[in-house]
1. With (1) part of a loop (DSSP other than H, G, I, E, B); (2) more than 14 Å from A199 (Cα to Cα); (3) within 8 Å of the ligand (Cβ to nearest atom) as the list, and A127 as the residue in question, which single condition is left unmet?
2. Name the single residue that is farthest from P203 (Cα to Cα) among those in segment 132-156 being open to solvent by 40 Å² or more (accessible area, probe 1.4 Å) and more than 14 Å from the ligand (Cβ to nearest atom).
3. In segment 222-247, which residues are without any contact (Cβ under 8 Å) to a residue 24 or more places away in the chain and more than 16 Å from E206 (Cα to Cα)?
4. Hey, could you check segment 115-124 for residues that are under 27 Å from D175 (Cβ atoms) and within 9 Å of the ligand (Cβ to nearest atom) and say which is surrounded by the fewest Cβ atoms within 10 Å (Cβ to Cβ)?
5. What residue, of Q190, Q237, is of a type in the set (S, T, N, Q) and open to solvent by 70 Å² or more (accessible area, probe 1.4 Å)?
6. Cβ-Cβ under 9 Å, sequence separation 6+ or interchain: first residue in segment 184-210 and more than 8 Å from the ligand (Cβ to nearest atom), partner open to solvent by 50 Å² or more (accessible area, probe 1.4 Å) and among the basic types (K, R). Which pairs?
7. Applying the selection to segment 80-110, what residues are open to solvent by 10 Å² or more (accessible area, probe 1.4 Å), near the ligand (Cβ under 7 Å from one of its atoms) and under 22 Å from W169 (Cα atoms)?
8. Yes or no: segment 158-175 includes at least one residue that is within 30 Å of S82 (Cβ to Cβ) and of a type in the set (D, E).
Amino acid sequence: MLQGCVGVHWVVAGVILQFVAGCGGSGVGGVGEANVASGGAGTGPTAVSVAADSVESGKPAYPIVRYVAVPQLSRDLAIFDSVFWEPDDTLSLRQKIAADPQLRGAAVLEVGTGSGLVSLCCLQAGAGRVVATDLNPAAVENARENARLLGFGDRLEVRRVPRRSPGAWTVLRPDETFDLIISNPPWEDQRPETVEQFALYDPGFELLESLVTGARQRLRPGGRMWLAYGCVTAIRQIQKVAERERLECRLLDERRLEELPDLFLPGLLIELAVPAGG
Ligand SMILES: C[S@@+](CC[C@H](N)C(=O)[O-])C[C@H]1O[C@@H](n2cnc3c(N)ncnc32)[C@H](O)[C@@H]1O
């Protein structure tokens with residue numbers, strides 16, 4: 001999935017060191033991969049950028065494997081090694097976010113943020129505050145770094161989910177609720193072996209189950225949950241759990257499940273909500 005990149009880029013405690021030789025390629029679905037050597041779309045970091053505290057701190061470093069331009073965002077995103085990148089997953093989700101008037105000032109939760117792509121689109125669209133979680137430590141740092149680069153550092157809080165308790169709500173306070181909960185979670189019912197595979201595999205659909213069964217408790221009145229899934233088996237499971245939990249469940253897509261292969265792209269958007277009157 002990740003394409004080769006000649007340049008070597010490292011983030012040390014939230015700061016970028018670049019030894020640039022070039023990184024190119026064409027993006028998918030309107031998301032372009034930046035040419036790092038020329039500063040991407042004119043918005044990427046300059047060739048060498050080092051903050052004093054990063055060098056002194058000696059904290060864990062994550063290589064940056066590419067820069068990507070995202071239509072909804074004002075500058076390129078950095079993508080760290082081992083962090084998920086497939087923008088086609090969230091095409092409909094990001095379009096919906098950009099066009100949603102209710103997002104202004106909203107409190108948003110994103111479960112499984114990766115590079116921070118979708119959370120940052122929410123902030124760009126006017127969300128008041130976003131809490132984002134991920135189980136991959138590199139993703140936690142990646143989302144924080146991208147928020148800092150985009151000037152959203154004070155409105156995005158990224159929390160790390162421990163691998164031993166990977167439920168959707170593990171790192172939330174008991175009373176925390178949101179106007180919008182979003183997730184492009186892993187889609188396939190398989191057991192992950194590596195931290196990267198947690199982006200793809202949800203064994204026994206445990207995360208799916210946890211997201212849907214917790215929606216009622218975590219959504220504020222009138223709140224919505226938007227899930228992006230490109231797997232028919234998973235979507236049918238969501239419909240089943242939503243019915244059991246007495247949640248409204250709508251597929252915001254013109255494609256018909258019966259006509260799709262089990263795994264497909266772009267991801268399909270599903271909206272869950274508590275029905276009026278509970
Ligand atoms: C398909 S990727 C999506 C990443 C990002 N939202 C995007 O659209 O580019 C799923 C993400 O969920 C994370 N993840 C998997 N299981 C998780 C869990 N139980 N809690 C939080 N994050 C999880 C993975 O590490 C990965 O970053």
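1. Single failed check for A127: (3).
2. G151
3. Passing the criteria: only E243.
4. My answer is V118.
5. Details: Q237 fails: open to solvent by 70 Å² or more (accessible area, probe 1.4 Å).
Exactly one of Q190, Q237 is of a type in the set (S, T, N, Q) and open to solvent by 70 Å² or more (accessible area, probe 1.4 Å), namely Q190.
6. Sorted first by the residue in segment 184-210, then by its partner, the pairs are Q197/R191; Y201/R191; P203/R191; G204/R191.
7. Listed by number, the list holds a single entry, F84.
8. Going residue by residue through segment 158-175, those that are within 30 Å of S82 (Cβ to Cβ) are 158-173.
If we keep only those that are of a type in the set (D, E) too, we end up with none.
The answer is no; no qualifying residue exists.
The values are calculated or read from the model by the stated rules, or taken from the named source; none is laboratory data. Note that the structure is a prediction, hence the values are computed from the model and not measured. Don't worry about glycine lacking a Cβ; one is built from the backbone with ideal geometry, like all the others, and counts go over all protein chains shown. These accessible areas exclude ligands, DNA and RNA; they are computed on the full protein's heavy atoms, side chains included. Shrake-Rupley method; radii C 1.70, N 1.55, O 1.52, S 1.80 Å.
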